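The values are calculated or read from the model by the stated rules, or taken from the named source; none is laboratory data. Nothing here was measured: the structure is a model prediction, and the numbers come from that model. Note: ideal-geometry Cβ built from the backbone for every residue, glycine included; neighbour counts use all protein chains shown. What goes into the accessible areas is simple: the full protein's heavy atoms, side chains included, and nothing from ligands, DNA or RNA. Shrake-Rupley method; radii C 1.70, N 1.55, O 1.52, S 1.80 Å.
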Amino acid sequence: QVQLVESGGGLVQPGGSLRLSCAASGSIFSISTMGWYRQAPGKQREMVAFITSAGLTNYGNSVRGRFTISRDNAKNTLYLQMNSLKPEDTAVYYCKATRAYTAYWGQGTQVTVSS
């Protein structure tokens, strides 16, 4: 089992920045891809960004150039640096880890972008 705990969400004004963290614990060896997803009210969950164990990254079209995903394997932590935030970035952000073809999810952290 892998446990994931997100933190760093909150209320920010448009144009502002936030950094989300996701701490992994449990059977964390052999975790391959980790990523961030988000779900806004009334919408489907969408991929925001993911990073492989080799450090390869990919981003959703709506966040490319504004968000940066990174992982610190020594600290077993995944990060999402979010800059130039827009009201449409408002959502619950979830951390996901894949290990042995099984997906694990965190409980989510709320990000609200509003003036």
Inset, instruction - Give the residues of the stretch 55-77 that are closer than 20 Å to residue 104 by Cβ, assigned to a loop (DSSP other than H, G, I, E, B) and of a type in the set (S, T, N, Q), sorted by residue number. - result: 73, 76
Inset, instruction - Would you check if there is a residue in the stretch 21-36 being free of Cβ contacts under 8 Å to residues at least 60 places away in the same chain and open to solvent by less than 40 Å² (accessible area, probe 1.4 Å)? - result: yes
Inset, instruction - For residues that are over 10 Å from the mean Cα position of the chain (by Cα), open to solvent by less than 60 Å² (accessible area, probe 1.4 Å) and of a type in the set (Ser, Thr, Tyr), scanning just the stretch 88-101, find the one that is farthest from residue 40 (Cα to Cα). - result: 98
Legend entry - Residues of the stretch 88-115 that turn out to be of a type in the set (D, E, K, R), part of a strand (DSSP E or B) and either at pLDDT below 95 or more than 22 Å from residue 28 (Cα to Cα) (or both), as a count: 1
Inset, instruction - Evaluate the following for residue 53: is it touching a residue at least 40 places away in the same chain (Cβ under 8 Å) and either open to solvent by 50 Å² or more (accessible area, probe 1.4 Å) or of a type in the set (D, E, K, R) (or both)? - result: no
Inset, instruction - Report, by residue number, each residue of the stretch 10-54 that is assigned to a loop (DSSP other than H, G, I, E, B) and of a type outside the set (S, T, N, Q). - result: 14, 15, 16, 28, 29, 40, 41, 42, 43, 45, 54
Inset, instruction - Give me a count of the residues in the stretch 67-87 that are at pLDDT 95 or above and open to solvent by less than 30 Å² (accessible area, probe 1.4 Å). - result: 6
